[in-house]
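Contents: one structure, followed by commentary.
The values are calculated or read from the model by the stated rules, or taken from the named source; none is laboratory data. Just so it is clear, the model here is predicted, and its values are computed rather than measured. Heads up, the Cβs are rebuilt from the backbone with ideal geometry, glycines too, and the neighbour counts pull from every protein chain shown.
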Amino acid sequence: MLSHCRNRAYGRSMDAPRYRWVVLAVGTCAQGATAAYFLGLAAVTPALRDYFALDLAGVGVLIGVISVGLVPTLIPWGAAADRFGERGVMTIGLLGAATALGATALQTDPVAAGALLVLAGASGAAVNAASGRAVMTWFPAGSRGFAMAVRQTSVPLGAALAALALPVVAVTGGVPAVFVTLALTSLAAAVAVAVWVREPPGAPARRVRATGRTRDVLADRRLQRLSLAGLLLVVPQFLGSVFLVEILHEGSGLPLAAAGALLGLTQLLGAAGRLGNGMWSDRAGRLRPLRIVAAAVAAGFALAALVQPGPVVLLAAVLVPAAALAISWNGLVFTAAGELAPPGRAATAMAVSNTANYVAAAATPVLGGLVAQALGWPAMLTLGAVAALGAIAALHHLAEPGGVAAPAPARTRT
């Protein structure tokens, strides 16, 4: 039945440019489904603490183990997507995530639940690695930046929807219902991927002619520099997202509800910025917008460090745009990584970039908290500015990937 529906849908649309938007929509929903448990479980930490009898540190570990499963599996999933195509990889990963999350609903022991969440993270990494490849294969360079930006907005939007829905589910059905809901979401995404995701004609042949091995991709100096830039830009991104409420509320006296509302505004502005940067990069290349955004982030965080402590209205007027800009760059790096890759290795290259991002995402909240505790909020904000400047240095003289618009065609590839 699924095969019949899939073949009919694909047969009607395969030759039409609009089918690429079907693939993008399904990939975006799949990425949102994984974001729902990667990031959305934080919305029900009180319920998780009560259900599993955990303290605050314990519940942090329970949620954090999802990333423990994700980081070491991104590159293998990316290599598998390059070899076998994204449809099978994403479907298997989403089914694995659905199974692990469903099994977690049956657990009352936090150790067993944590082990299953490691498996859910490892399975969901397949979507992070493969869904970007679907954009690379279906969209030409002139619209790829915007398409990748659409995909990237699925992460904050999926997390936001989960933050709205999961507390209601926890109140009405308890923690087991939360995990059942997340499992069903992943299962629905797996079915959608199996039915509608396809590769453009000729893609299997291009996979056979894939250039280089995984270790060759890992050794690419251009990709290493780009990944380093992304790692450094994660620092202001997570400093702004994780500590914005604390800075405005505890550090400057803004009411908690108002500080939370400004965090929500920051996330929305960041998602809009991802779309805007994607469209910009389709005209100006990937790296020029990335350098400009990094410079703006550095300036914004440096200025915020100067005005904190100070009038909270002034601090919010500086910090909210800076934190939103710090959210907006991801699609530029992700797209550039795929375009820098050897033929047939886009998913592997994007997985390398994503791995660097997740390593920084895991370390930044701890580092930022230690700096703020020891030296104060201005020092922590300065850390974000310095990291953004480091990203600019990593990108210095790095040429645009081949096949995309570049404002200075005479540049020499480095």
Report summary line: Selection from the stretch 80-104 of residues surrounded by fewer than 19 Cβ atoms within 10 Å (Cβ to Cβ) and in contact (Cβ under 8 Å) with a residue 60 or more places away in the chain yields R83, F84, T99
Requested in this report: For the stretch 163-265, please list each of the helices (runs of 4 or more DSSP H) lying entirely inside it that holds at least 1 residues being closer than 21 Å to G124 by Cβ, in contact with a helix residue (DSSP H, G or I) (Cβ under 7 Å, 6 or more places away or on another chain) and at pLDDT below 90.
Outcome: 214-218, 221-246
Query raised in the report: Which of the residues spanning the stretch 291-312 are modelled with pLDDT under 90 and either part of a helix (DSSP H, G or I) or surrounded by fewer than 17 Cβ atoms within 10 Å (Cβ to Cβ) (or both)?
Result: P309, G310, P311, V312
Report task. Scan the stretch 46-79 residue by residue and report those that are within 18 Å of S241 (Cβ to Cβ) and surrounded by fewer than 17 Cβ atoms within 10 Å (Cβ to Cβ). Result -> G60, G64
**Report entry** Filtered residue count, the stretch 368-414, keeping only those that are at pLDDT below 90, hydrophobic (A, V, I, L, M, F, W, C) and farther than 30 Å from L248 by Cα
**Finding:** 7
Query raised in the report: Which residue, of T348, T364, T355, is modelled with pLDDT under 85, part of a helix (DSSP H, G or I), among the polar types (S, T, N, Q) and within 16 Å of W77 (Cα to Cα)?
Result: T348
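Can you report the number of residues in the stretch 151-203 which are of a type in the set (G, A, S) and either over 30 Å from F139 (Cα atoms) or not assigned by TED's automatic domain parsing to the domain that holds L62 (or both)?
The qualifying residues number 7.
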Requested in this report: Kindly list, by first and then second residue, each pair from a residue in the stretch 341-370 that is closer than 30 Å to E199 by Cα to a residue that is among the basic types (K, R) and surrounded by 24 or more Cβ atoms within 10 Å (Cβ to Cβ), limited to pairs with Cβ atoms under 8 Å and residues at least 6 apart or on different chains.
Outcome: A346/R133; A347/R133; M350/R133
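Against the condition crowded, with 21+ Cβ neighbours inside 10 Å and in the same structural domain as A387 (by TED's automatic domain parsing), how does A346 come out, does it pass?
Considered against the rule, which asks whether it is crowded, with 21+ Cβ neighbours inside 10 Å and in the same structural domain as A387 (by TED's automatic domain parsing), A346 comes out as yes.
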Query raised in the report: Can A43 be described as in contact with a Pro (Cβ under 6 Å, 6 or more places away or on another chain), assigned by TED's automatic domain parsing to the domain that holds T172 and within 28 Å of F334 (Cα to Cα)?
Result: yes
